[in-house]
Amino acid sequence: MRPSQPKIYALHENPEWFGPFARAFEAEGMEVEEWLLTDGVLDLDSVPPEGVFWSRISASAHTRDHGLSKDYARAVLAWLEAHGRRTVNGRRVLELEMSKVEQHVALKAAGIDTPRTVAAVGRSQILDAARGFSAPFIIKHNQGGKGLGVRKIDSHDELAEYVNGPDFEQSQDGITLVQEYIRAAEPFITRAEIVGGEFIYAVKADTARGGFQLCPADACAIDPITRELIMPAGATIAPVAGQQLFSLRDDFDHTIIEKYLEFGRRAGLEVFGIEFIEAEDGRVLTYDVNTNTNYNAVVEAAAPRSAPQALARYFGGLTA
């Protein structure tokens, strides 16, 4: 690192996800200091170091016993931005990561089609929120990540039994989304990866085997306690060793990408993955924005360019 080159700080809470990025920065000869925001002390009268600060805090942090990370990150990013520090996916973007309501509102404001969705605030409101939907439909957590709380509901009686039963899983923020069930033309969704205002590549994710939990990081396929393969919610085919849920969508060219690039510019998103379904009725429906996006090793091996390398070089431009 040149003496005058600003340092890069990576704010995150999950070391298992950071390896590919650390290697990409190292390959570019760039120094990165990791700030692990699981718990800690923040002196509000102190002055942050000079540098560029990249937030990778995930809405699913609480599933790794890092429930404090989200609010800790809010405090750290507010402190950094108050001192005029350059943040990548900063304070405003963190809120987009934490709320699918915010994602849907922002997507619709940008002219991007989304599935019909109603937010129920509080457990008691979920049945009322679902009255306007014909079965089957989907419920999911507003504060998601890794497909948290996503369930396909085949009848209103089934929903009532679940919501009123002992197995009900409350969203971390108390908001449950009721959403139309989209019948895909083919059993996959597509995830577009964007870095620094540039489309890098598109990934096809197998929903028959991956269900609703389509995290592309290799660590997501394994139960952290049992180390066994996970059978994702919504999957119709059991996982087997060596199976690949993700593949490169070769030569993907669709007008939706330009809308995503404009959406990123409007929302201040610099690094993100965005997921959509091509429905059997011809609609292209966008349903998820990932601001702590991970990259799949199999896709990386097949892709004409590396997303972590593109990201490292983007940061190189910010610190030049």
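Quick note: the coordinates plus some simple rules give every number you see, no bench work behind them. Note that the structure is predicted; figures quoted are calculated from it, not measured. Note that each Cβ is placed from the backbone with ideal geometry, even for glycine, and that neighbours are counted across all protein chains shown.
Remarks
- Mean separation of Cα contacts under 8 Å, 6 or more apart, over the residue count of region 8-96: relative contact order %: 34 percent
- Note on the chain: GNM, Cα springs under 10 Å; of Gln309, Gln125, Gln172, the largest mean-square fluctuation is that of Gln125.
- In degrees, nearest ten, helix 69-82 long axis to first principal axis of the chain (Cα): 40 degrees
- Global form of region 117-180, assessed from the alpha-carbon gyration tensor, a/c cut-off 1.5: rounded
- Nearest-ten-degree value, helix 100-109 long axis tilted from longest Cα axis of the chain: 90 degrees
- If you take the Cα centroid of region 6-42 and the Cα centroid of region 259-320, the two points sit 19 Å apart.
- Karplus 3J(HN,Hα) series, Hz, for region 192-206 with 6.51 cos²θ - 1.76 cosθ + 1.60 (x for Gly, Pro): 9, 9, 10, 9, x, x, 10, 6, 9, 6, 10, 10, 9, 10, 6
- In plain terms, the residue of Tyr72, Tyr162, Tyr295 with the fewest other Cβ atoms within 10 Å comes first and the most crowded comes last, giving Tyr162, Tyr72, Tyr295.
- Relative contact order for the chain: 19 percent, from Cα pairs under 8 Å spaced at least 6 residues apart, divided by residue count.
- Rounded to 5, the percent of DSSP beta bridges in the chain classed as antiparallel: 75 percent
- Cross-link partners of Lys204 among lysines (Cα-Cα below 29 Å; sequence separation of 8 or more within a chain): Lys100, Lys108, Lys140, Lys146, Lys152, Lys259
- Across region 258-275, computed HN-Hα scalar couplings (Karplus, 6.51 cos²θ - 1.76 cosθ + 1.60, θ = phi - 60°) run 4, 5, 5, 5, 5, 4, x, 5, 5, 8, x, 7, 10, 9, 6, x, 9, 10 Hz from first to last residue, x flagging Gly and Pro.
- Taking region 117-180 and dividing mean pair separation by its residue count, relative contact order in percent (alpha carbons under 8 Å, at least six apart): 51 percent
- Per-residue ellipticity at 222 nm computed for the chain from its helices equals -8000 deg cm²/dmol, with DSSP H segments shorter than 4 residues left out and the rest contributing -39,500 (n - 2.57).
- When the chain is treated as a GNM with alpha-carbon contacts under 10 Å, the residue of Pro49, Pro15, Pro136 showing the greatest mean-square fluctuation is Pro15.
- Remark on Val52: its backbone amide H falls under 5 Å from those of Lys7, Ile8, Tyr9, a criterion applied only to residues 5 or more positions apart or on other chains, H modelled at 1.01 Å from N.
- To the nearest ten degrees, helix 307-319 and the longest principal axis of the Cα atoms of the chain are 40 degrees apart.
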